[in-house]
Amino acid sequence: MQSLGCDVAALNTVHFSNHTGYGQWTGTKVSAQEITDLYRGLKLSYLDDFDMMLSGYVPGAPALEAVGQIAEDLKRHAIARPGSFFWVLDPVMGDNGNLYVAQEVVPVYRGLIRHADLILPNQFEAELLSEVKIQDVASLQGAIQVIHERYGVPHIVITSVSIPHDGHPASSLSVVGSTMTSDRRARAFKIVFPAIDCYFSGTGDMFAALMVVRMREAVWKNQQRQHGGGGAPLSETEAWISDDSVDALDLPLAKATEKVLASMHEVLTKTCQAMQAQVSKARAVAAVAEQETSNGVADEDVESKENKKLRSIKSRAAELRLVRHLDSLRHPKVEFRAERM
């Protein structure tokens, strides 16, 4: 976000030595009181004039409620200036049918998303929020409609959808988005792209951070007028909701998502190439070490240590190579375009 021109104040919700994908870590979870105190300190120093907020991984219900209170406070202060504050909420709860937060976090998210402007669930999280099992295009559209209608969420992007799409290879993935109309009907689009056969760490965080930047950029570029040209610019409209006449493919949300996925695809492709080289080198070193151990007699402690080291190297290689490829963040080539659902 900073590399794309944002001034960022970060309130950490955990203090871990490393992310949990390594299988072991040390550190602590930040309490709800600590989150509240940090925000209070920003307010005391008049450093709370934020125009956007991004919330992500919050491991416990009380801490999540504290994050929600911050967002609600910032939204209250922006009531007199529609469009001056925009909350992007990534409801991090789990993936592939498994929760990795406490069970009591789920109902808290269901209560909070009605205050968010844009939410970024993956397919599993969209199912938890909508209480609709996503199995095909019809149920996917149903889940989106439920979130718009029941919660009034203006913008939705489901970040990883793995259902078949006509005319696309089975290995494809898709991102599906929608901006609701004035009567809370969905304007859905999809962007289908080829899957990369690698495991990565941090893709959700990267997607969310880029969406903050690109959504704002798309809104300010368009400056679409409401009510046939007689209303305020879109950037001065509550939750940046485009007029009902705007087609799904022309939505700022669709344009922003196209650009985000362009950066994602470039960075992930380059990370995968580097990862393969790093892992191959690590395996070669491990093979030499194994041959040198006890003249060929297995030593369980040494073998276990080497296996753990190799796993760590694989996890490190899976970290997205963002700093090395800043040009892919700033000036990606857009290849995958939005299509109607």
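The values are calculated or read from the model by the stated rules, or taken from the named source; none is laboratory data. Predicted model only: the values in this text are computed from it and were never measured. Backbone-built Cβ (ideal geometry, glycine too); neighbour counts: all protein chains shown. These area figures cover heavy atoms from the full protein model, side chains too; ligands, DNA and RNA do not enter into them. Shrake-Rupley method; radii C 1.70, N 1.55, O 1.52, S 1.80 Å.
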Residues of the stretch 130-159 being in contact with a helix residue (DSSP H, G or I) (Cβ under 7 Å, 6 or more places away or on another chain), touching a residue at least 60 places away in the same chain (Cβ under 8 Å) and not aliphatic (A, V, I, L, M), in sequence order, are Pro154, His155
Expected output for the stretch 223-249 (first residue more than 20 Å from Val88 (Cβ to Cβ), partner of a type in the set (A, V, I, L, M) and modelled with pLDDT under 90, Cβ below 7 Å, 6+ apart or cross-chain) is Gln226/Ala232
Among strands (runs of 3 or more DSSP E) entirely inside the stretch 10-87, those with 3 or more residues being hydroxyl-bearing (Ser, Thr, Tyr) and surrounded by fewer than 17 Cβ atoms within 10 Å (Cβ to Cβ) are none
Picked from the stretch 88-111 (must be touching a residue at least 40 places away in the same chain (Cβ under 8 Å) and closer than 25 Å to Gly5 by Cα), the residue least open to solvent (accessible area, probe 1.4 Å) is Val88
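What tally of residues in the stretch 165-184 results from selecting those that are of a type outside the set (A, V, I, L, M) and in contact with a strand residue (DSSP E or B) (Cβ under 9 Å, 6 or more places away or on another chain)?
10
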In the stretch 245-258, anything modelled with pLDDT of 95 or more and exposed (fewer than 15 other Cβ atoms within 10 Å of the Cβ) is listed as Asp247, Leu249
Residue pairs qualifying under the 7 Å Cβ cut-off, at least six apart or on distinct chains, with the first in the stretch 314-341 being closer than 17 Å to Ala256 by Cβ and the second being part of a helix (DSSP H, G or I) and among the charged types (D, E, K, R), are Ser328/Glu266; Pro332/Lys259; Pro332/Glu266; Val334/Glu258; Val334/Lys259; Phe336/Glu258; Arg337/Glu258; Ala338/Glu258
The correct count of residues that are in contact with a helix residue (DSSP H, G or I) (Cβ under 8 Å, 6 or more places away or on another chain) and more than 19 Å from Glu125 (Cβ to Cβ) in the stretch 19-32 is 6
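Could we say that Tyr109 is farther than 30 Å from Ala232 by Cα and aromatic (Phe, Trp, Tyr) here?
Against the criterion (farther than 30 Å from Ala232 by Cα and aromatic (Phe, Trp, Tyr)), Tyr109 qualifies.
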